[in-house]
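Bear in mind that the values in this text are calculations on the coordinates, not laboratory data. Just so it is clear, the model here is predicted, and its values are computed rather than measured. Here the Cβ positions follow ideal geometry from the backbone for every residue, glycine too, while neighbour counts run over all protein chains shown.
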Amino acid sequence: MKKQLFQVFCLLLLVSATFFSCKKSSDGNVINQAVKVDAPLPENDTHIITMSGDMLPSSSIVVSRNDEKYNTFYGPQVQMGNGRVRSWINITHSGVPLAIGVEMTDGALSGLPTDPEDHMAATYILMLHQKAMDVTPFKHIMVNWNVMGHEPPHVYDVPHFDFHFYKVSHEEVMNTTDPVKFNIFPPAGFIPDLYFNPGGGVPMMGSHWIDLLSPEIQPPASPQHADFTHTFIYGSYDGAVTFVEPMITLATLAGGGTVLKPYRQPMYFSPSGTNYPTRYCIWKDNTNGRHYVALDQMMMR
């Protein structure tokens, strides 16, 4: 195992200069012109988001509180591709958050920007409902579309999305530009073990920490190796953890399958005294044709 990790470490060092070169972002959302675009989602939607009933004992995304009633609160919608996308959160009637995530209409996975250099067109800023900010550490979500993926070759160079759940405001992210601060890492214990940072960062995004245990990172000859479909990344800047990020291929989202994946937790959290998720989920609701990415199984930290 140590030998494999050393090999991975060397590989990441070689590609660190260009690993995230295709992930620049901005605060602009360019609307794609398409022949057919999904109709706007209801502004005062009372629909409750639930998990696929054939994948869990309960039809609810709620895991530990299946018997407690809850509501879904939505953020403003944004056009993405030929569809719509928005943030949401499930909160029980007693005020406990259950899941926070992104809802995409089916058209949002088509008609996406095709120019890999047009980062503005491929960036979508999702504001959160105030209730989401009151009970979680998150301030907004930034979705980035990577039409050609990014380096290293044969690992992440496939079409995929980055779902950045930020603990800082959008204005602060836009000021994430100091190359020195990219390399000021959080104190020990704020990033889980066996997450690796190759150094540097992406302006207006942050510095990325890669899970060395992810299947796509393992050597190709290793029995643990598998092609990239989804993974989980931590992000930092100026000594603080600023985001968490499910990174998911277009094929995985479009395929409509369900993924329920716990991710490793750090020892320490900042800010404390709020609810942090411990798992990411991917699924499609076949009753309305919408796709979902969520963070759930919240714990008070």
Requested in this report: Set the Förster distance to 25 Å, then compute FRET efficiency between THR114 and ASN288 from the Cβ-Cβ distance, nearest 0.05.
Outcome: 0.35
Requested in this report: Please grab the % of Cα pairs in the stretch 143-301 that end up more than 23 Å from each other.
Outcome: 40
Report summary line: Length gained, ASP193-SER169, 0.36 nm per residue minus C-alpha separation, equals 6.0 nm
Query raised in the report: So which aspartates and glutamates can LYS181 reach, going by Cα to Cα under 15 Å and dropping same-chain residues fewer than 8 places off?
Result: GLU172, ASP238
Report summary line: Treating only Lys and Arg (+1) and Asp and Glu (-1) as charged, each at its beta carbon, one finds that the stretch 161-238 has a dipole about its Cα centre, in Debye to the nearest 20, of 100
Report summary line: Residues whose built amide H sits under 5 Å from the amide H of GLU151, excluding neighbours closer than 5 in sequence, are SER21, CYS22
Query raised in the report: What is the Cα coordinate range of the stretch 64-193 on the first, second and third principal axes, sorted by size from largest, in whole angstrom?
Result: 46, 42, 29
